[in-house]
Amino acid sequence: MFFAIKDRKKKTSENYLLAGRSLSGYPVALSLTASFMSAITVLGTPAEIYVYGTMFWWFALAYTIVVVVTATIITPVFYNIGIASTYEYLEMRFNRTVRVAGTITFIVQTIIYMGMVMYMPALALNKVTGLSLYISIVATSLVCTFYTSIGGMKAVVWNDSVQCIVVWIGFLSIIIKGSMDVGGLDKVFQIANEGGRIDFWQFSLDPRIRHTFWSVSIGGSLMWLSVYGINQSMVQRYLSCKNLKHAQIALYLTAGGLLTVLSLACITGLVMYAVYHNCDPLTNGKVDKSDQLLPYLVLDILSVAPGIPGLFVASAYSGTLSAVSTGINALACCTFEDLIKPLKPNIPGPKAVLISKGLVVMYGLLGLGVAFLASLLDKILTMALKMFGIIGGPLLGLFCLGLLTPVANSTGALVGLLGGLSMGIWLAVGSFIYPPSEEFMRKLPSTTEGCNPVEISNLLMNYTSTSSYATTTSFTQDPLTTSGFSNSLYALSYCHYSTFLVLITWCLGVAVSLLTGGLKSRKTVDSKLLAFNGNIMCCLKDTMCPCYKDNAGYTKGKTEEMAITNKDDNEYVEETV
């Protein structure tokens, strides 16, 4: 509401969607961090550590690589050409068809992700307060849609900054109380180590194993690069900074924030295991899904402390409000800049703002619909990360064609994107029908030896009933499900989805480009649309990558940068910075 009143006279879409490109790097860094801390992270990461151990912690290395690559290679290109939408770059580099294809792909990805994010805190609130799951989902959607539509990007960034702090406090509260209950943090690590939860040394090269050093660090880097490097939800934030330096500062500070959040979430998972190492709530039926473990822990050990369960719910909701508000703001920006503005370029500023607000409301309601469908899924964290690979991987491959491959043309880019998406969908459907075997999942053992006799008796009754049912239905199982397809490409770790699909998209795009005149058209590509101004691979200048030393007025020792400033949404004026 504050920013809606403060900026009521600045009725331009640039001010609404990009905060007038006036933000400093520090609140943007908190906002970028908070966007990562959705309820999927708050609830899903501790559950991941509880069930599978600490190999997930290697994502810390992936985040560091992603931030460095984004700040040094991708951000200078996007910022200096003055775009408002990431996919505007695709039209400048290829053509409008590729831009629209990229935009539609992003819209589908983000709506699905927002639905998953809306569902997770509703699950927490349902477990802690008993409030209806569906009422909670609706409330989350309406709150996010309201403050995003009213305040725009400034409201998103500053709300994210506050929400980031709330999430940190929530994690710390659980860690402190849980550690005290088991005898201290050193006891937590001792119990977790004895239970096999602390393990950083899986270096197998088998790409089917769910988490190894290679799958998490390399595959995870490409997976998250598709988020922080090219996803409009993230790029829009650092494009709202006042200059390139502040955009890069925001990204480097984000690395520290991401590592902090990841570490707090992983330690929370270890604390949860230490508390329940002798009486697993999943095995004894106290919870139905691993995503319910953390809300159950909060009720179990923190219900006696007034306000703490509420703080936990606030943490889950803070992450969700951040992710959803970011998503719907980015969707509105992409739709307006990529689909509406090119068709009607002379829309007056006040009308443009009104259209943008209407788009925010529309996408908020669409996310609400997907959230109801997400309630049917389990292991939301893994599902969300799979989606980043299935859709984000081909998109990243498309941008690699644009940024790193001068021979790539519009035909190759479009065919590469469609081929990558088709392969991703095929892989996702196959892995759903033929899930990987436990050999590759590496789920760690749990026990109920410490449960009270009543719980054990109920567990045995449930087990007997389930076993009886399994005995009568086991003859229908297809042997291929466990011994054939489950051990094939469908068993590929979700961490490798991005790597596999980036390669498919890039290779297909390069091949088609070479067959459709890519070598002839490569010298017409403007160097400001290429990473390092086209000088990344000068050793191959006669074939794949010519040096663009003099192209478009850009020299190897370039001292001037051209920024395009949008004035009144309609007039673009070139200014020398």
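Where a number appears in this text, it was derived from the coordinates with a stated rule and is not lab data. All values derive from a computational prediction rather than experimental measurement. Cβ coordinates were reconstructed from backbone atoms using ideal geometry, including for glycine residues, and neighbour counts include every protein chain displayed.
In whole angstrom, how far apart do the alpha carbon centroids of segment 397-422 and segment 167-193 sit?
Segment 397-422 and segment 167-193 have Cα centres spaced 47 Å from each other.
Which whole-number percent is the relative contact order of segment 2-374 (Cα, under 8 Å, 6+ apart)?
Result for segment 2-374 is 42 percent.
Along Cα→Cβ, 7 Å out, is where each label goes; now give me the distance between the ones at ASN278 and ARG96 in nm to one decimal.
Placing both labels 7 Å beyond Cα along the Cβ direction yields 7.0 nm.
Could you state the number of Å between the C-alpha centres of segment 222-240 and segment 243-307?
Segment 243-307 and segment 222-240 have Cα centres separated by 24 Å.
In what order do HIS496, HIS211 fall by count of nearby beta-carbon atoms within 10 Å, going from fewest to most?
Listed from fewest to most nearby Cβ atoms, that is HIS496, HIS211.
Could you go through segment 355-365 in sequence order and give the Karplus-derived ³J(HN,Hα) for each residue, using 6.51 cos²θ - 1.76 cosθ + 1.60 with θ = phi - 60°, rounded to whole Hz, and x for Gly and Pro?
Once rounded to whole Hz, the list reads 4, 4, 5, x, 5, 4, 5, 4, 6, x, 6.
If each residue's Cβ is checked for other Cβ atoms within 10 Å, how do PHE200, PHE399 rank with the fewest at the top?
So the ranking, lowest neighbour count to highest, is PHE200, PHE399.
So, in nm, how far is label ASP199 from label TYR26 when the simple model puts each one 7 Å beyond its Cα toward the Cβ?
Computed distance between label sites ASP199 and TYR26 equals 4.4 nm.
When the Karplus curve 6.51 cos²θ - 1.76 cosθ + 1.60 is applied with θ = phi - 60°, which whole-Hz ³J(HN,Hα) does each residue of segment 221-231 get, with x for Gly and Pro?
4, 5, 4, 7, 5, 5, 8, 7, x, 10, 6
Along the charge dipole of segment 2-374, Cβ charges K/R +1 and D/E -1, which of PHE59, ASN231, SER315 sits furthest on the positive end?
It is ASN231.
Is there a pair in LYS289/LYS357; LYS245/LYS386; LYS286/LYS443; LYS289/LYS386 whose C-alpha atoms are over 30 Å apart, and which pairs would that be?
Flagged as over cut-off: LYS289/LYS357; LYS245/LYS386.
Using the crude model of +1 on Lys and Arg Cβ and -1 on Asp and Glu Cβ, and no other charge, please compute the dipole size for segment 331-455 relative to its Cα centre, in debye to 20.
Its charge dipole is roughly 620 debye.
How far, in nm, would the chain grow between ILE73 and GLU449 when pulled straight, counting 0.36 nm per residue and subtracting the alpha carbon separation?
130.0 nm
What is the order of THR41, THR283, THR103, fewest Cβ neighbours within 10 Å to most?
Arranged by neighbour count, lowest to highest, THR41, THR283, THR103 become THR283, THR103, THR41.
Per residue and in cubic angstrom, what volume does the convex hull of the Cα atoms of segment 2-374 have?
Per residue, the Cα convex hull of segment 2-374 comes to 138 Å³.
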